[in-house]
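Novice: I'd like to ask some things about the structure below.
The values are calculated or read from the model by the stated rules, or taken from the named source; none is laboratory data. Computed from a predicted structure; not experimentally measured. We place every Cβ from the backbone using ideal geometry, glycine too, and count neighbours over all the protein chains shown.
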Amino acid sequence: MHKRNRTLAWAFNQFVNRSLQGWAYRNDNGLAKPTRIIFCVTLRCNIKCQQCAIWRMPKTEELTTSEWKKVITDLRSWVGPCRIQLAGGETFMRRDITDIIDFATRQGVLTGVVTNGTMIDPPMAQKIVNSGLGYIHVSVDGIKPETHDEIRGIPGLHARTMAAVNALLDAGRGSGMSISLATVINRKNMNELVDLVHLVDRKGLDGIIFNPLGPTIDSDPDWYKKTDLWFDDLCVMAAWSESPT
Ligand SMILES: C[S@@+](CC[C@H](N)C(=O)[O-])C[C@H]1O[C@@H](n2cnc3c(N)ncnc32)[C@H](O)[C@@H]1O
Ligand code: SF4
């Protein structure tokens with residue numbers, strides 16, 4: 001199926017299921033299908049970001065390539081045209097990830113990935129585009145290399161991440177794959193957010209997702225007191241967000 005037709009079929013199915021969801025929930029009749037689907041394909045990661053709890057988790061057994069393909073086939077026949085986000089951990093730690101995406105594309109399933117970009121060089125970027133991936137969000141936590149590197153724990157990481165973004169832009173030109181940045185707003189980067197938006201504009205990227213810093217999987221209600229990424233004074237953040245740029 002052509003990419004545009006896949007997108008139209010997905011959008012129509014989303015509309016139907018979103019319309020049904022409230023009513024089906026109230027009447028407990030199970031008529032509505034999921035509209036937001038995220039597969040955690042791995043908990044492995046090659047870096048240790050300050051905001052993230054995933055790299056601290058014990059590693060679990062993962063589904064094999066053919067098991068994921070069966071999940072996709074079953075899901076497609078139950079939900080109809082749908083979109084899945086392949087998440088982790090670092091999704092590209094799985095060597096079979098483009099194979100899984102390619103399979104989903106051929107089933108008429110749209111796909112998206114969020115990545116730290118560390119494993120994307122020009123040949124990998126080309127493989128990603130060839131797999132038919134719909135969107136990719138590359139995590140960038142600062143415009144200043146030192147901010148990104150400090151939050152993400154590896155000197156020189158910012159340069160590698162931006163090289164991945166450039167490789168994706170080169171390979172993705174004209175393919176219809178959407179390429180955006182993803183940034184977790186925190187105390188260390190709150191003054192760099194506007195410059196990140198300008199970077200997106202300069203590079204001709206499709207957008208930037210700003211995520212609020214959250215506790216991820218940690219259910220400790222005092223989690224924010226235990227990270228130096230939390231804001232010293234939220235009033236400063238409020239004043240900053242209201243100031244003219
Ligand atoms: C869990 S990561 C998985 C994908 C990939 N490893 C990456 O870093 O992009 C997905 C996104 O969640 C963000 N994230 C991690 N911990 C977070 C937290 N405590 N609050 C909000 N976002 C968080 C990451 O920065 C990243 O943009
Ligand atoms: S945010 Fe992504 S790259 Fe960073 S530790 Fe978590 S899973 Fe790994």
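Novice: Which of the residues that make up segment 99-109 are crowded, with 22+ Cβ neighbours inside 10 Å and touching a Ser or Thr at 6+ places or on another chain (Cβ under 6 Å)?
Specialist: If the condition is that a residue be crowded, with 22+ Cβ neighbours inside 10 Å and touching a Ser or Thr at 6+ places or on another chain (Cβ under 6 Å), then Ile101, Ala104 are the ones that fit.
Novice: From Lys59, Lys48, grab the single residue that is at pLDDT below 85, closer than 30 Å to Trp230 by Cα, within 16 Å of ligand 2 (Cβ to nearest atom) and of a type outside the set (S, T, N, Q).
Specialist: Step by step, each of Lys59, Lys48 is checked, and only Lys59 is at pLDDT below 85, closer than 30 Å to Trp230 by Cα, within 16 Å of ligand 2 (Cβ to nearest atom) and of a type outside the set (S, T, N, Q).
Novice: Would you pick out the residues in segment 62-94 that are among the basic types (Lys, Arg) and within 16 Å of ligand 1 (Cβ to nearest atom)?
Specialist: Arg94
Novice: What pairs come out if I take residues in segment 169-191 that are farther than 22 Å from Phe210 by Cα and pair them with residues that are more than 14 Å from ligand 1 (Cβ to nearest atom) whose C-beta lies under 6 Å away, six or more apart or interchain?
Specialist: Ala171/Ala125; Ala171/Gln126; Ala171/Val129; Gly172/Val129; Ser175/Val129; Gly176/Lys3
Novice: Among the residues of segment 139-149, is there at least one that is within 11 Å of ligand 1 (Cβ to nearest atom) and closer than 20 Å to Met93 by Cα?
Specialist: Within segment 139-149, one or more residues are within 11 Å of ligand 1 (Cβ to nearest atom) and closer than 20 Å to Met93 by Cα.
Novice: Scan segment 22-57 residue by residue and report those that are more than 16 Å from ligand 1 (Cβ to nearest atom) and assigned to a loop (DSSP other than H, G, I, E, B).
Specialist: Matches in segment 22-57: Asp28, Asn29, Gly30, Leu31, Ala32, Lys33, Pro34, Thr35.
Novice: Let me ask something else about it. Given the criteria under 21 Å from Thr98 (Cα atoms) and surrounded by 13 or more Cβ atoms within 10 Å (Cβ to Cβ), does Cys52 qualify?
Specialist: no
For (1) within 16 Å of ligand 2 (Cβ to nearest atom); (2) in contact (Cβ under 8 Å) with a residue 60 or more places away in the chain; (3) β-branched (Val, Ile, Thr), each residue gets a yes or a no:
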site	(1), (2), (3)
Gln85	yes, no, no
Gly89	yes, no, no
Arg95	no, no, no
Thr111	no, no, yes
Asn116	yes, yes, no
Ile136	yes, no, yes
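Novice: Does segment 81-92 contain any residue that is part of a loop (DSSP other than H, G, I, E, B), more than 26 Å from Val197 (Cα to Cα) and of a type outside the set (S, T, N, Q)?
Specialist: yes
Novice: Here is a follow-up. Among the numbered criteria (1) over 25 Å from Ser178 (Cβ atoms); (2) without any contact (Cβ under 8 Å) to a residue 12 or more places away in the chain, which one does Glu62 miss?
Specialist: So Glu62 meets the others, but not (2).
Novice: Just checking: which of the helices (runs of 4 or more DSSP H) contained wholly in segment 110-210 hold 3 or more residues that are surrounded by fewer than 17 Cβ atoms within 10 Å (Cβ to Cβ)?
Specialist: Here the list reads 122-130, 157-172, 193-203.
Novice: Of a type outside the set (Ser, Thr, Tyr), farther than 18 Å from Lys3 by Cα and more than 16 Å from ligand 1 (Cβ to nearest atom): does that describe Val129?
Specialist: No; evaluated as a whole, the condition is false for this residue.
Novice: Considering (1) farther than 30 Å from Gly142 by Cβ; (2) polar (S, T, N, Q); (3) at pLDDT 85 or above, say which one Asn29 fails and leave the rest.
Specialist: All conditions pass for Asn29, except number (3).
Novice: If you don't mind, another one. Scan segment 225-243 and tell me whether some residue there is part of a helix (DSSP H, G or I), modelled with pLDDT under 95, among the polar types (S, T, N, Q) and out of contact with any helix residue (DSSP H, G or I) (no Cβ under 6 Å at 6 or more places or on another chain).
Specialist: Checked against the condition, which is being part of a helix (DSSP H, G or I), modelled with pLDDT under 95, among the polar types (S, T, N, Q) and out of contact with any helix residue (DSSP H, G or I) (no Cβ under 6 Å at 6 or more places or on another chain), segment 225-243 yields at least one hit.
Novice: Which residue, of Ile38, Ile47, is surrounded by fewer than 19 Cβ atoms within 10 Å (Cβ to Cβ), under 15 Å from the mean Cα position of the chain (by Cα) and over 19 Å from Ser175 (Cα atoms)?
Specialist: Result: Ile38 is the single residue among Ile38, Ile47 that is surrounded by fewer than 19 Cβ atoms within 10 Å (Cβ to Cβ), under 15 Å from the mean Cα position of the chain (by Cα) and over 19 Å from Ser175 (Cα atoms).
Novice: Output the residues belonging to segment 55-91 that are surrounded by fewer than 20 Cβ atoms within 10 Å (Cβ to Cβ), of a type in the set (D, E, K, R) and under 20 Å from Arg18 (Cβ atoms).
Specialist: Within segment 55-91, just Arg76 meets the criteria.
Novice: Answer yes if at least one residue in segment 87-103 is under 21 Å from Trp10 (Cβ atoms) and among the basic types (Lys, Arg), and no otherwise.
Specialist: no
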